[in-house]
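Asker: Could you have a look at this structure, given as structure tokens, before my questions?
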Amino acid sequence: MSDTTVAVVGGGVGGMTAAHELAERGFDVSLYEKRNSLGGKSRSIETEDGYPGEHGFRFLPGFYRHLRDTMERIPAVDGTVRDNLVETTEMLRCLGGGEKIRSPQRRPRTPSEVVDALRNMLWRDAVPSREHDYFLNRFLTLATSCEARWRNEYENTSWWEFTDAEEMSNEYRKYLVRGATKVLVAMDPEESSARTIGKMTVQTVADIIDPRRKVEILNAPTSEAWIDPWRDHLEELGVEGNVGSSANGFEFDGERVTGVVVDGERVEADEYVLATPVEVTRRLVTDGMCEKAPSLDGLDRLKTDWMSGVQFYLEEDVPLVRGHGIYFDSPWALTSISQRQFWDVEFDRYDDVEGVLSVCISDWDTEGVVYGKTAKECTRKEVAKEVWTQLKRHLNDGEAVLEDDDLVAWHLDDAIQHNEEEGRNENEEPLLVNTVGSLRHRPEAATEIQNLTLAADYVRTNTDLATMEGANEAARRATNAILERQGSSASRCEVHELEDP
């Protein structure tokens, strides 16, 4: 297929995956990315002081099968990028006021041990026992439901309704329904579908109790451990990478895309892969394209929200836990990973820094404890101060786990910028959230336009969540669609179903 040209618009995980799969099968691929580096939300962002910044910490749950397969096909210094993954072994669950539970991921061996493990994941003392077991019953109902029920019933039911949160205590709503939902998938349980939240809850629990599944993170900053080797491999495959190149719109003749305008210049190809986030795709797709491809018309009905990260650079390393820290009482639904213990890098490169605490903010609409403002209303400096204070309230129970004197610097995701006139933040990289009934508005990877496919996390996938895994799966589906349209005999990309526990 070397004489078949493909223009991939968007250089995040979806675009890089599509370019990878197509180039391996002999297509002539050009990749266009508006930023000066590839990786999208997954890229690392070096701070002015040379410290490693991120959109938010990267981690791979056990059900990320597509992404791990891709990583195994990217050469690295020692083996492949897949070898740069390190397993987490613990979880730290914190309540405000200092109550902490460190959970070793002990694998249950019998059905009764499975139930005990599920009970121990929840706040047994903080929630009335009757409600605690009712929530466990709801979980087991999900875990034993058929696909038809997931699609027809749970897709059209909110997580709030499915868990009967309205009828339960404040503790039930706070810790089991709202808090757990926000920190896991950054969704509002009252408007998000039980299908999406339920599937991710089942998969997350399965990662903890199934010995075959691992939760892993990278052993270095994301770009260093993954994105840069991937970029180099794409170049070796013959992909023409064009960074700093913004797509302005498509040219369309009523049946086919005839060109894409990049930085004011027309680019022609036989096939076009649109791998941009949903808010960007809305701007690029014309009315004529929506008329020809009704599946694109639903993009305006998809909702986005915010989930971004801040890194704290410490004079002394504070490992906290060998895995995730979850702060259930934090108004901004915080989760964290202490990076140093996992990274196989020389920290001498970072002046005066011995530790990096990476924190994700999942709730940007609740008032904080320092300024009485939401994260969207705070300045960048106020966001960092607020997050640091919320962490200390959870961790410093009679002992100074986090100390102000230990804090060297901080970095908030560059996509978050404060608008002084509006007194609010703006986010260039929001996150798709799956609301009740939104599946019908999400298009397939293969559109009704003859030579246009989609490779982004809003595409209908088995993953069913805006994640790196979802974008990777969408790109595989887009590749397979192009292979079918071109009558290619090349092998199809493998697409995995979610594995029921």
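The values are calculated or read from the model by the stated rules, or taken from the named source; none is laboratory data. All values reported here derive from a predicted model rather than from experimental measurement. Backbone-built Cβ (ideal geometry, glycine too); neighbour counts: all protein chains shown. With ligands, DNA and RNA removed, areas are computed over all heavy atoms of the protein, side chains included. Shrake-Rupley method; radii C 1.70, N 1.55, O 1.52, S 1.80 Å.
Asker: I need the shape label for region 184-266. Rule: rounded when a/c is under 1.5, else prolate if a/b > b/c, else oblate, with a, b, c from the alpha carbon gyration tensor.
Answerer: Oblate, since a/c reaches 1.5 and b/c is not below a/b.
Asker: So how far apart, in nm, are the two label points at Glu224 and Val495 if each is 7 Å from Cα heading toward Cβ?
Answerer: So the two model labels end up 3.7 nm from each other.
Asker: Relative to the present Cα-Cα distance, how much length would full extension add between Arg424 and Leu136 at 0.36 nm per residue of separation? Kindly include the intermediate steps, with their values, before the conclusion.
Answerer: Details: separation 288, 0.36 × 288 = 103.68 nm, distance 3.96 nm.
Roughly 99.7 nm would be gained on extension.
Asker: Please report the relative contact order for the chain, taking Cα pairs under 8 Å with a sequence separation of at least 6, and give it as a percent rounded to a whole number.
Answerer: 23 percent
Asker: Next question. Just from the alpha-carbon atoms, what are the Rg and Dmax of region 111-181 in angstroms?
Answerer: My reading of the Cα-based Rg and Dmax gives 12.6, 36 Å.
Asker: Suppose every K and R has +1 on its Cβ and every D and E has -1 on its Cβ; what is the size of the dipole of the chain about the Cα centre, in Debye to the nearest 20?
Answerer: 1800 debye
Asker: Starting from the amide H of Lys303, placed 1.01 Å from N in the peptide plane, find each other amide H under 5 Å away whose residue is 5 or more places distant or on another chain.
Answerer: Val433, Thr435
Asker: Helix-only estimate, please: 222 nm mean residue ellipticity of the chain, summing -39500 (n - 2.57) across DSSP H runs of length 4 or more and dividing by its residues, to the nearest 500. Please report the intermediate quantities before stating the final value.
Answerer: Working: 13 runs with 133 residues, N = 501.
Calculated mean residue ellipticity at 222 nm is -8000 deg cm²/dmol.
Asker: Continuing with this model, one more query. Cα-Cα over 32 Å: which of Lys34/Lys174; Lys100/Lys199; Lys182/Lys292; Lys214/Lys376; Lys174/Lys392?
Answerer: Flagged as over cut-off: Lys34/Lys174; Lys182/Lys292; Lys214/Lys376.
Asker: For the chain, give the percent of accessible area contributed by carbon and sulfur heavy atoms, probe 1.4 Å, rounded to a whole number.
Answerer: Reported share for carbon and sulfur atoms: 42 percent.
Asker: If we count trypsin sites (Lys or Arg not before Pro) as exposed when they sit in a DSSP loop and have at most 10 other beta carbons within 10 Å, what is the longest stretch of the chain that avoids them all?
Answerer: Counting at most 10 other Cβ atoms within 10 Å as exposed, the longest clean stretch of the chain is 213-501.
Asker: Residues with amide H under 5 Å of Arg424's amide H, sequence separation 5 or more or different chain, H placed in the peptide plane at 1.01 Å from N; which?
Answerer: Excluding prolines and chain starts, which carry no amide H, the hits are Asn419.
Asker: Say the dipole of region 156-200 comes from +1 at the beta carbon of Lys and Arg and -1 at that of Asp and Glu; which of Met187, Trp160, Asn170 then lies farthest toward its positive end?
Answerer: Met187
Asker: With a probe of 1.4 Å, find how much accessible area the chain has per residue, and write the answer as a whole number in Å².
Answerer: Result: 41 Å² of accessible area for each residue.
Asker: So what is the relative contact order for region 34-92, in percent, with contacts set as C-alpha pairs under 8 Å and at least six apart?
Answerer: Reported relative contact order: 16 percent.
Asker: Work out, step by step, the length gained on full extension between Thr304 and Asp164: first 0.36 nm times the residue separation, then minus their alpha carbon distance; give nm to one decimal. Could you put the intermediate results ahead of the total?
Answerer: Working: separation 140, 0.36 × 140 = 50.40 nm, distance 2.51 nm.
Length difference between fully extended and current span is 47.9 nm.
Asker: Cα gyration tensor of region 162-302, axes a ≥ b ≥ c as square roots of the eigenvalues: rounded (a/c below 1.5), prolate (a/b > b/c) or oblate?
Answerer: oblate
Asker: If you don't mind, there's one more thing I want to ask. Hey, what angle do you get for helix 194-209 against the long axis of the chain, alpha-carbon based, 0 to 90 degrees rounded to 10?
Answerer: Tilt of helix 194-209: around 70 degrees.
Asker: Something else about it: Checking the a/c ratio against 1.5 first, then a/b against b/c, what shape does the Cα gyration tensor give for region 296-372?
Answerer: It comes out prolate by the Cα gyration axes.
Asker: Kindly write out, for region 60-74 in residue order, the coupling ³J(HN,Hα) from the Karplus curve 6.51 cos²θ - 1.76 cosθ + 1.60 (θ = phi - 60°), rounded to whole Hz, with x marking Gly and Pro.
Answerer: Along region 60-74, the couplings run 10, x, x, 7, 7, 7, 5, 5, 5, 4, 5, 4, 5, 9, 10 Hz.
Asker: Which value in Å is the Kirkwood Rh of region 138-227 over different Cα pairs?
Answerer: Kirkwood radius, region 138-227: 14.5 Å.
Asker: Let me ask another. Please give, to one decimal in nm, the separation of the simple spin-label points placed at Ser145 and Leu407, each 7 Å out from Cα toward the Cβ.
Answerer: 4.1 nm
Asker: If Lys and Arg each add +1 and Asp and Glu each add -1, what is the summed charge of the other residues whose beta carbon sits under 14 Å from the beta carbon of Ala455? Write down the numbers at each step before the final one.
Answerer: Values: positive: Arg442, Arg460, Arg476, Arg477; negative: Glu21, Glu33, Glu271, Glu444, Asp457, Glu469, Glu473.
Residues close to Ala455 contribute a combined charge of -3.
Asker: Please report, in debye to the nearest 20, how large the charge dipole of region 269-329 is about its Cα centre when each Lys and Arg carries +1 at its beta carbon and each Asp and Glu carries -1 there.
Answerer: Rounded to the nearest 20 debye, it is 220 debye.
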